[in-house]
1. Going through region 150-176 one residue at a time, which ones are outside any helix (DSSP H, G or I) and among the β-branched types (V, I, T)?
2. Looking at region 135-149, is at least one residue in a helix (DSSP H, G or I) and more than 27 Å from S44 (Cβ to Cβ)?
3. Can you tell which of I92, I72 is aliphatic (A, V, I, L, M), assigned by TED's automatic domain parsing to the domain that holds Y183 and outside any strand (DSSP E or B)?
4. Based on what the data block shows, is E148 of a type in the set (D, E), in contact with a helix residue (DSSP H, G or I) (Cβ under 9 Å, 6 or more places away or on another chain) and either at pLDDT below 85 or more than 26 Å from G80 (Cβ to Cβ) (or both)?
5. Can you say whether I184 is closer than 30 Å to V31 by Cβ, of a type outside the set (S, T, N, Q), at pLDDT 75 or above and surrounded by 14 or more Cβ atoms within 10 Å (Cβ to Cβ), as far as the supplied structure shows?
Amino acid sequence: MISVESALQKFGVDEIHVRQRNLDAFREEGVYLFNISVHGGRVSFQLKWEHLGLSSETIAALKQNNAQPTRIKFFKSLQGKLNRLSYLRKEIQKKLMVYCEPYWFAPESKFEELADAVANLKETALLFKDEVLLEYGAEKEKYVSIVEGILRTTQLSQDVQESVKKIYLSNFPTRQQISESFYIELFGPIRVPSIKEQSQFDASLAESETRNYQAKALKELESQFHRSLQTKLSEVIQSATDEFCEILADTLPKLARLSETHLSDRVRAKLTESLERCQNLLNFDQSLKGLAHDLDVLVKVSNGHNEQLLAQSIANIKAALTTETRLLTTQGKGHRALSEWLSL
């Protein structure tokens, strides 16, 4: 059997950093599995080769080579509203939820805030649907114009053009179809009890000798679920942590030069978004507390023009990160980039 020392030599490292698994997030507090879907119906149609006036030989050659005719988008205002709802859903997920495939979940302490956010999203969807229905007539006229414009460029006879036009117009959704297909769909919530709560339930269940086997089986299933969820959560946290490190590695050298104390709005927005995500993940892993504090300081000092305060803040952050990066489990490119800057 290969010794640990021998393995370390092969890895080229002197020691292994040990980190205890953090189950506190599930020990005292339950979580809710939840999913939000945005629906809005069709917003495009696919042309057919036969409707473009091409010869049968050309069409056969295209199909033989698995060529696909393009899709034409229509009802742009509908697509715009759906994009906006998808963006708002993403904001809710980033702020209040964590994705561990195949689950989106939120800690119980965030559930009321999540419910309010979802209620606001559903209300916004209703307003958007009313706006889309008001724009229906104008959007349909645009669609008819697009179809007619395409058909005029073909070599099809007038009768065939009219026949094809009817087919494509039938693809445009009716007012009723839009009204029925434009909505927010919710899956869940499904509550997963905390480990402490589940243990108490298991104990009471096990008191009955006739149900002892059931209690053991249930306990094993719950334990497997918690282990799976914790593993997936650890993967999410490692990926996010490396991303935070990469952002710090990119931003700190710019600020350290002092000539770039005024960061662009895009960079500051990225810093703020990363801070919110990091603070959300703190519910599940307290080892991110140092990074969250560093990001918070960075957001604040990047908005000012006090060079002395900026230089001192960066020095403090650099000193703190020198210790913090050794405690992080991630070893991705962001972590490496930050470590390289710290060693300068």
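The values are calculated or read from the model by the stated rules, or taken from the named source; none is laboratory data. Everything quoted here is computed from the prediction, not taken from an experiment. Positions of Cβ are generated from backbone atoms using ideal geometry, with glycine treated the same way; all protein chains shown enter the neighbour counts.
1. Listed by number, the residues that qualify are T153, T154, T174.
2. Among the residues of region 135-149, not one is in a helix (DSSP H, G or I) and more than 27 Å from S44 (Cβ to Cβ), which makes the answer no.
3. Testing whether each residue is aliphatic (A, V, I, L, M), assigned by TED's automatic domain parsing to the domain that holds Y183 and outside any strand (DSSP E or B) leaves just I92.
4. So E148 fits the description; yes.
5. yes
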